[in-house]
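The values are calculated or read from the model by the stated rules, or taken from the named source; none is laboratory data. Because the structure is predicted, anything quoted here is derived from the model rather than measured. Positions of Cβ are generated from backbone atoms using ideal geometry, with glycine treated the same way; all protein chains shown enter the neighbour counts.
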Amino acid sequence: MAADFYFFLLLAVCCVHLYVCPFTKVEESFNLQATHDLLYHGTNISKYDHLEFPGVVPRTFLGPISVSFLANPAVLILKMAGASKFWSQYVVRFSLGLLGLLAFSKFRKSIANKFGQDIGKIMAVITATQFHFLFYISRPIPNTFALVLVLLAFHYWLDQHHAKFIWISAFAIIIFRAELCILLGLILMLELITKRVSLGTAFIHAALAGVSALALTVSVDSIFWRRFLWPEGEVLWYNTVLNKSSNWGTSPFLWYFYSVLPRCLMFALFLVPLGLWRDRRTWELAAPCLGFVLMYSFLPHKELRFIIYVIPVMNAVAAHGLSYIFKSESKWHSLVSAVVKLVTVGGLLGSCLMTVIALYVSHFNYSGGAALQKLHTLLENHPEPCHVHISVAAAQTGVSRFGEINPSWRYSKTEGLEKGSPDMLVFSHLIT
C-alpha cells in the first residue's frame, strides 16, 4: 500500500503545496538552516548558523540529520550539475514530505486492515482535499519530524505491536515534542486498561526506550551545540514550566475545537459524528486524540501545528461516515439519495476549493524569500559582488541559507544596526 495510487495522489498534492510555497517561516528556520549546514558544511560545525543565531531555545539536530541523509544523493547531483542552491531546498522539503507520507501510508495500511480497504482509500481521498496536513507535511518544523514518528506509533498501536509502539513513542516524546506524552500516553493507558498489554511489559520497554532516546539526543546534540544539553528538555522547561510560550500570544481555551479542527477537517468535520455512530470501534481512535486536544488546551499559547497529529485519525473516523453513505444510498428513496450524493460531492469539492484558496493566499506570506529571489533576478548580470543585509523580518518570512545562491555575494543577518550608521552603509542592498 505504501506505493499505491493513493500514495502518489497524496504525494502529488504535497508537491503542489511545495511548488507554490517553497519558502519557509521563522518556526521552520532552525531545522532548515541545520539541514543546509549539514549538507554544505559537513563536519565544520564552526560555520553552522545556529552558533551565531541560536534562537530562543535549542532544538535537536536528529531531525535535520535524518533528512540530510535522505536528501544528500540528490543534492550531490545538483552540486555537480552547478544548479542553484535553492533547488536543494526543494529536495530537502520533498525528502521530509516523502518520509511523512510513507509513515502515513503505514498508518493507512493499518486502518485498512482493521476497518476495511474502502476506509483506507476514502481516508486518503479526504486527506487529499484538505489544506493543512499536506501543507505542513514537508515543512521542517519540529512537529512535522514528530509527526513521522507519531504516524508510525499509530501504525504499531493498531497492529498491536506494543513494544514497537512504546519505543517509537519514547523517541517522539523525548527527542522532538515532549507534549506528545499526553497523546501517546493516553493510548498506552487505553491499552493497559483493556489489558492488551501488561503493566510490567509496558514499564520495561518504556524505561529502556526512554533511556535510549535520551542518551541519543544528549550525545548527538551536545556535540553540535557545544555544551551538554537535552534540547527538548529545555524546550519543555521554557514553554511549560516557565510558561514563556505565552509571550508569543494566547488563545481561548476552546480555540482548538471551534477554530483549528474545523479548518483542518473542513467537510470531514461533518462526517466524524456519523463515523462514530456507525462503528463503535472508532471511539478508541478518537478518544485519545480528543483527550489530547482537551488537555493541551490548558496551555494558553496555541498553534494549529501543535495538534496536527490528530488530523489523520479524525480523517479515518470521517472515512467511516463517508463509507456508510456510499454503501447505504442505494437503499434510500431516489430523491434522498440524489440529495445526499449532491451534498457529499459538493462538500468534498468545497474542501478542494477552500484548499486552493488557502494555498493561493499562503503564497504571499513569504515576503522575505520572494524579495531575495527578486534581487537575484534583477542583478543576475551585475558585474560587481553585492553585500546584502537581511533584516529580522526578512529572515522570518522566507530567507534561508539555501536562498543565498550567489557564491560571490556576501549575505549578513547582523542585528541591531541603526539606519544611516556606518555599519549599515557598508551594504550595497538591504532586504527589510
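If GLU27 meets every condition in (1) assigned to a helix (DSSP H, G or I); (2) crowded, with 16+ Cβ neighbours inside 10 Å; (3) modelled with pLDDT of 95 or more apart from one, which number is that one?
(3)
Check LYS47, LYS85 and return the single one that is surrounded by fewer than 19 Cβ atoms within 10 Å (Cβ to Cβ) and either among the basic types (Lys, Arg) or not assigned by the TED database to the domain that holds SER408 (or both).
Working: LYS85 fails: surrounded by fewer than 19 Cβ atoms within 10 Å (Cβ to Cβ).
Just one listed residue meets the conditions, LYS47.
So, in segment 30-65, exactly how many residues are of a type outside the set (D, E, K, R) and in a loop (DSSP other than H, G, I, E, B)? Let's see the steps before the verdict.
Residues of segment 30-65 of a type outside the set (D, E, K, R): 30-36, 38-46, 48, 50-51, 53-58, 60-65.
In the following step, the residues that additionally are in a loop (DSSP other than H, G, I, E, B) were identified as 41-44, 48, 53-58, 60-61.
The number of residues fulfilling the criteria is 13.
Which one of these is under 19 Å from the mean Cα position of the chain (by Cα), crowded, with 21+ Cβ neighbours inside 10 Å, assigned by the TED database to the domain that holds PRO312 and over 24 Å from ALA103 (Cα atoms): PRO64, PRO58? Give the steps one after another, and end with the answer.
On the way: PRO64 fails: over 24 Å from ALA103 (Cα atoms).
Just one listed residue meets the conditions, PRO58.
Just checking, does segment 92-101 include any residue being more than 19 Å from PHE402 (Cβ to Cβ) and not β-branched (Val, Ile, Thr)? Reasoning before the result, please.
Residues of segment 92-101 that are more than 19 Å from PHE402 (Cβ to Cβ), as a first pass: 100-101.
Keeping just the survivors that are not β-branched (Val, Ile, Thr) gives 100-101.
Yes, because at least one residue in segment 92-101 is more than 19 Å from PHE402 (Cβ to Cβ) and not β-branched (Val, Ile, Thr).
Out of the residues in segment 270-297 that are modelled with pLDDT under 95 and assigned to a loop (DSSP other than H, G, I, E, B), which is nearest to ALA153 (Cα to Cα)?
For segment 270-297, the residue satisfying everything is ARG281.
Could you list all residues from segment 195-219 that are among the polar types (S, T, N, Q) and surrounded by fewer than 13 Cβ atoms within 10 Å (Cβ to Cβ)?
SER198, SER219
Is at least one residue of segment 228-251 at pLDDT 95 or above, over 22 Å from ILE182 (Cβ atoms) and buried (at least 18 other Cβ atoms within 10 Å of the Cβ)?
Within segment 228-251 (the criterion being at pLDDT 95 or above, over 22 Å from ILE182 (Cβ atoms) and buried (at least 18 other Cβ atoms within 10 Å of the Cβ)), the answer is no, since none of the residues qualifies.
Considering only segment 115-128, how many residues are surrounded by fewer than 22 Cβ atoms within 10 Å (Cβ to Cβ) and among the hydroxyl-bearing types (Ser, Thr, Tyr)?
Here the count works out to 0.
For residues in segment 308-366 being modelled with pLDDT of 90 or more and among the polar types (S, T, N, Q), which is farthest from VAL150 (Cα to Cα)?
THR344
Filter the helices (runs of 4 or more DSSP H) completely within segment 325-432 down to those with at least 2 residues that are in the same structural domain as PRO273 (by the TED database) and without any contact (Cβ under 8 Å) to a residue 12 or more places away in the chain. Spell out how you get there, then give the answer.
On the way: elements: 334-362, 367-378, 392-396, 422-425.
Output list reads 334-362.
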